[in-house]
């Protein structure tokens, strides 16, 4: 592995997005816009998302209702804007927890090696036997369905993936001479890990976090779709797709399709940006 | 290793539901207060009066003989309930796996061998497909092919061989979509890489027919990464089938698991989870074994990648 050198060829643009290309920047704009809607959705919504109007269910597009009304006559656009919060908050919880626990385990494994390493790997291998959605269904059966139980279950399911990738990068860092020289200088393990090792694998962690966010978003929306995630009257995009199912059979697809498109656009943005961030880290190149 | 993983996961499944809050007797009685004698009879019938490890051991040995106990919700043998539904799920997953392997590899080959227009189209399509959740794909398919065009039935299992294939086609496409895209992309990348390899250049310069080169030199080497991704994604379909079964109202294991989880019918949740985890682990092991067949350099016990 080569010594990391600063990239002096291109210094234009936002530092975090360098060398991700036009597509990377577009993805970042989509993600920032989605995050903005997630925070300010209630303020942005033109109408009350819970206002029921049973006289005009499935009304089409009109100046007052840009995307029309759902089966109970609620404004679809307003519900999309409000639903963004749960749709993005869930994956955020998954990513933060899975990264925190996964990286801690990975660095502990790489640093101590030996028995610690093999026992952590053994536990993670068993977790691999549980597909994320199955774990979320099990957790919903035990603790009752909610967004947070689903997010907790998925963060457990994603921890082994992150731990595996970060561990192999941390192992190769551990073997570098700079770590040995810091140890000879008498620096504590904590300070070497936090001030030298983690910053060196940080680009990899950021790329993994971006990719996992997209996957977690799909999984959480699926859990909401089968009724074991976000519970009404709260809503998210997965729940809106399932709420739109009866409408589809009668030929009114607006609610399910618009929520589905929102999910796909945000997930594509995370996946593409994640791919580009991963492509510039030496470990995954 | 396989047995150890299965044993630990069976313990995790059983103990997690054992620790769940709520009283099964209350579910049975529908919330009414029962006389102590009736409670004792019920506790004895469902083995609720035994200590935890005895119950776990009884459950596990029973499960190995195909006896998963009695469903508290349905008052029936869990194994009968599962047997009635497992066929649908297996057919659905098998159908989707075929689609993934055939269409995914074909698309990847096409993109890998024809740089330019075809390649770009495949790349864009697979990027969107890879991000398309199975339930959104279901929604789009039902809306286009069932409601607007009327080509396929929207819901239900179907009767007879032809009816089943007809009823399972849209669900299988929905289930396969995202994995198919991943397999296509990996095939494309590895075919691209192999085509630039020295052994392929040599074969081309020797004037071997193109078909033979692709079959014997390109695909043979590309098979290992393709098997890895196809194996992982096909194994993950087992859990994902639950979502698609719900979307198409199919009466399979997955939709039953979700219903049982929502109604806290724990015997059913435990049994189906154990079946799904077992299939998942066994499939992953088969993929590991396949490496040794595909690439004789890989010795068993060392993981290929």
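Please treat every number below as a calculation from the coordinates, not as lab data. Computed from a prediction, not measured in an experiment: that's the story for all the values here. Counting neighbours? That spans all protein chains shown, and the Cβs are built from the backbone with ideal geometry, glycine included.
Data overview
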{"read-out": "Other protein chain Cβ atoms within 10 Å, averaged over every residue that makes up B:137-145", "value": "5"}
{"read-out": "Packing-based exposure ordering (other Cβ within 10 Å, fewest first) of A:223, A:171, B:282", "value": "B:282, A:171, A:223"}
{"read-out": "Other protein chain Cβ atoms within 10 Å, averaged over every residue that makes up B:235-243", "value": "5"}
{"read-out": "FRET E, pair residue B:33, residue A:66, Förster distance 51 Å, beta-carbon r, rounded to 0.05", "value": "0.40"}
{"read-out": "Additional length obtainable on full extension of the chain from residue B:7 to residue B:155, 0.36 nm per residue less Cα span", "value": "49.6 nm"}
{"read-out": "Inter-site label distance for residue B:189 and residue B:19 at 7 Å from Cα along Cβ, in nm", "value": "3.8"}
{"read-out": "The protein assembly as shown: calculated mean residue ellipticity at 222 nm from DSSP helix runs of at least 4, using -39500 (n - 2.57)", "value": "-23000 deg cm²/dmol"}
{"read-out": "Point-to-point label distance, residue B:50-residue B:75, nm (Cα→Cβ direction, 7 Å offset)", "value": "2.3"}
{"read-out": "Top of B:172, B:212, B:235 by mean-square fluctuation, Gaussian network on chain B, Cα under 10 Å", "value": "B:212"}
{"read-out": "Computed E for residue A:39/residue B:84 - FRET, C-beta separation, R0 41 angstrom, nearest 0.05", "value": "0.30"}
{"read-out": "Full-stretch length increase - residue B:124, residue B:286 - with 0.36 nm per residue and alpha-carbon distance subtracted", "value": "55.1 nm"}
{"read-out": "Ratio of Rg to Rh over the protein assembly as shown (Cα coordinates, Kirkwood Rh, two decimals)", "value": "0.98"}
{"read-out": "GNM result for chain B, Cα springs below 10 Å: residue of B:133, B:115, B:225 fluctuating most strongly", "value": "B:115"}
{"read-out": "Cβ-Cβ FRET estimate between residue A:22 and residue B:114, R0 fixed at 25 Å, reported to 0.05", "value": "0.50"}
{"read-out": "On Cα atoms only, tilt of B:2-18 relative to the major axis of chain B in degrees", "value": "40"}
{"read-out": "Relative contact order (%) - the range A:88-284, alpha-carbon pairs under 8 angstrom, separation at least six", "value": "25"}
{"read-out": "Two-site label geometry, residue B:94 and residue A:175: point separation in nm, points 7 Å out along Cα→Cβ", "value": "4.6"}
{"read-out": "Highest-MSF residue in chain A out of A:83, A:227, A:122 [GNM, Cα springs under 10 Å]", "value": "A:122"}
{"read-out": "Ordering of B:64-76, A:228-240, A:53-65 by packing [mean C-beta count within 10 Å, highest first]", "value": "A:228-240, B:64-76, A:53-65"}
{"read-out": "Alpha carbon centroid spacing (whole Å) that separates the range B:254-282 from the range A:222-285", "value": "24"}
{"read-out": "Gain in span if fully extended, residue A:194 to residue A:51, counting 0.36 nm per residue against the direct Cα distance", "value": "46.4 nm"}
{"read-out": "Percent RCO, i.e. relative contact order, over chain B, from Cα pairs under 8 Å lying at least 6 residues apart", "value": "23"}
{"read-out": "Degrees, to the nearest 10: A:76-112 long Cα axis against longest axis of chain A", "value": "20"}
{"read-out": "C-alpha long axis of helix A:21-44 to longest principal axis of chain A, angle in °", "value": "50"}
{"read-out": "Exercise: per-residue mean of other protein chain Cβ atoms within 10 Å, A:136-149", "value": "5"}
